[in-house]
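Undergrad: Encoded as structure tokens, here's the structure I'll be asking about.
The numbers here are math on the coordinates, done by the rules we state, and not lab data. Remember, predicted model here, so these are calculated numbers, not experimental data. In this analysis, Cβ positions are derived from the backbone assuming ideal geometry, glycine residues included, and neighbour counts consider all displayed protein chains.
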Amino acid sequence: MTLILEDICVRRRDEIWLDDIDLELSDGMTTLIGPMGAGKTTLMRVAAGLVSPTGGRVIVNGKDVTSISARKRSVAFVYQQFINYPSLSVYENIASPLRQARTRTKGEIDRRVREVAELMGIGDLLGRRPAELSGGQQQRTAIARALARPADVLLLDEPLANLDYKLRERLRADLKDLFRDSPGVVLYSTADPAEALTFAAPTVVLSQGRIERVGDVADMYRHPPTLHVAATLSDPPLNLLPGVVREGRIECLGAWLPAPRAQVSGRQVVLAVRPHQVSIAAGGPGALEFPAEIRLAEVTGGVTFLHLLVAGERHLVAQLPGTRRFEPGEPALAYVDPAHVFVFDESGGRLLAESAPEVDLHG
């Protein structure tokens with residue numbers, strides 16, 4: 001199976017929703033990631049036939065389906081909201097696309113409904129109505145309905161976004177197993193970096209209606225080619241600090257680190273550091289040291305986010321393991337290993353050192 005989006009543009013009034021989208025997807029799962037407003041939903045709706053592009057073509061298995069309505073395409077769509085028929089039981093919700101197709105006997109429909117329900121862990125809920133289900137059970141029902149009738153293209157638009165953290169974790173694992181060897185094209189959109197990294201599928205990074213990068217998500221996390229890619233795949237958000245090149249080194253708020261390759265003195269750069277790479281313990285040889293003032297200690301589960309003020313004007317967040325107590329106004333020293341600093345130019349392009357550091361995906 002193949003899904004090709006060729007030179008897709010969507011313009012509404014004076015706004016550009018999608019621009020110059022060229023994407024080819026084949027069997028298996030692909031993750032689409034970007035912040036709110038990046039164009040993920042619009043792209044998926046174009047693929048489904050729910051939005052007509054201003055320009056370009058949608059091609060499924062070699063056939064141009066751009067002008068074909070969504071009803072006549074072999075596409076299944078799962079939305080962020082729990083969309084189920086409220087008056088129907090779980091069984092009837094899952095069976096509804098099979099009945100509409102009118103290609104299966106009653107016995108075949110029954111077998112398929114029970115098979116998909118068991119797969120999604122709702123086999124014992126078939127007699128209930130949506131109002132009698134939890135949020136997670138409702139979304140499992142919606143996904144089961146989408147899976148019931150095999151489709152060339154399955155689109156999932158942030159299907160776990162409205163669920164609580166623990167349930168999202170559990171369903172991520174289930175969906176990863178489900179779609180690992182799935183026949184047909186599966187396109188899964190998310191704004192959550194943890195979700196994209198968990199699925200470990202080929203990933204499309206979207207920014208302001210344009211494709212920023214396509215590739216291996218772990219590789220993009222370790223070696224982000226642009227500041228936007230680094231920011232998109234970082235949660236909590238990156239620490240961004242100003243720097244300037246001076247005679248082969250970069251000065252950043254009183255600290256110094258080697259400049260990537262040959263850089264012109266006086267050049268302005270942006271330093272990006274993930275919060276879990278900031279420490280308040282003594283740093284190793286060559287570590288950047290930032291005198292700071294503690295502004296807030298935010299405890300979340302087994303992690304403490306320490307908000308620091310550096311040089312009286314710049315905010316720096318350190319993600320520390322465990323539950324820690326700090327007093328606002330306390331002085332502190334923040335340390336960062338230069339190997340964990342990404343350097344970008346003013347346009348957001350990555351400046352590479354002679355040997356780019358290998359960044360631990362989980363460390």
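Undergrad: Rank these for me by crowding, CYS252, CYS9, going from fewest to most other beta carbons within 10 Å. Present the calculation step by step, with values, prior to reporting the outcome.
TA: On the way: CYS252 24, CYS9 16.
With the fewest neighbours first, CYS252, CYS9 line up as CYS9, CYS252.
Undergrad: Additional query: Quick one: ASP152, ASP110, fewest Cβ neighbours within 10 Å first, how do they rank?
TA: Ascending Cβ contact count within 10 Å gives the list ASP110, ASP152.
Undergrad: May I pose another question? For the range 204-219, take each phi angle, set θ = phi - 60°, evaluate the Karplus expression 6.51 cos²θ - 1.76 cosθ + 1.60, and give the result in whole Hz per residue in order, putting x for glycine and proline.
TA: Karplus values, whole Hz, x for Gly and Pro: 10, 9, 10, 9, 6, x, 10, 7, 7, 6, 10, x, 6, 5, 5, 5.
Undergrad: Beyond 30 Å between alpha-carbons counts as too far, so tell me which of LYS72/LYS166; LYS72/LYS106; LYS40/LYS176 fall in that bin.
TA: Numbers: LYS72/LYS166 37 Å; LYS72/LYS106 23 Å; LYS40/LYS176 20 Å.
Among LYS72/LYS166; LYS72/LYS106; LYS40/LYS176, the Cα-Cα distance tops 30 Å for LYS72/LYS166.
Undergrad: Grab the beta carbon distance between LEU50 and ARG99, set R0 = 22 Å, and tell me the FRET efficiency rounded to 0.05.
TA: 0.50
Undergrad: If you don't mind, there's one more thing I want to ask. Starting with the fewest neighbours, write out ILE109, ILE83, ILE94 ranked by other beta-carbon atoms found within 10 Å of each beta-carbon.
TA: ILE83, ILE109, ILE94
Undergrad: Kindly identify the range 109-162 as rounded, prolate or oblate by the Cα gyration tensor criterion: order the square roots of the eigenvalues as a ≥ b ≥ c, call it rounded if a/c is under 1.5, otherwise compare a/b with b/c, prolate if a/b is larger, else oblate.
TA: Numbers: a/c = 2.30, a/b = 1.03, b/c = 2.23.
Cα axes put the range 109-162 in the oblate bin.
Undergrad: So what is the relative contact order of the range 2-232, in percent, for Cα pairs below 8 Å that sit 6 or more residues apart?
TA: Dividing the mean separation by the residue count of the range 2-232 yields 29 percent.
Undergrad: Here's a follow-up. Could you work out how far helix 165-179 tilts from the main Cα principal axis of the chain, as a 0 to 90 degree angle to the nearest 10?
TA: Here the helix axis deviates by roughly 60 degrees.
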